[in-house]
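What follows is a single structure, written as structure tokens, with notes after it.
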Amino acid sequence: MANSEHTLSHQDIVRAVIIHENIREGFWKLNVNFNVAASHGMQGPDPYLAVSIKGIGIMEASADDPLAVDAAQVCPPEPPRREHTIGVATASDGAGNIGMQFCRDVYRNVQILSAVREHAKVNPMSS
């Protein structure tokens, strides 16, 4: 049976936001903003306090903060791109599925590069 509840620590949430936002440097900690409202109840004169979460995010922290997460360890810098490499861009339908357009684009690029190389060849018998 699948687990219906997943509990994360505050540092797990900070790591997830660092990766999602592609943050590569600095120390970060969890930031929670609350809405607080005080009033009297509709059914009686007893006061009540309503607290709701307005937003959850991360904020910069000092390196000596015990709750801080180092972004350089979570999301290390990207290696520099090497020259003369071909990058292939893919399109997704939002669900992580790469469609047939990707296959057509790759085939088209291979077909074009093959045609260019064939025309660039010199025929030794023609001289």
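The values are calculated or read from the model by the stated rules, or taken from the named source; none is laboratory data. Everything numeric in this text was worked out from a predicted model, so none of it was measured. Backbone-built Cβ (ideal geometry, glycine too); neighbour counts: all protein chains shown.
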Any residue that is part of a strand (DSSP E or B), under 20 Å from residue 8 (Cβ atoms) and free of Cβ contacts under 8 Å to residues at least 60 places away in the same chain - is there at least one of those in the stretch 18-26?
no
Which of the following residues is assigned to a strand (DSSP E or B) and in contact (Cβ under 8 Å) with a residue 12 or more places away in the chain: 52, 39?
52
Out of everything in the stretch 20-50 that is surrounded by 10 or more Cβ atoms within 10 Å (Cβ to Cβ), at pLDDT 85 or above and in contact with a Ser or Thr (Cβ under 8 Å, 6 or more places away or on another chain), what residue ends up being nearest to residue 67 (Cα to Cα)?
27
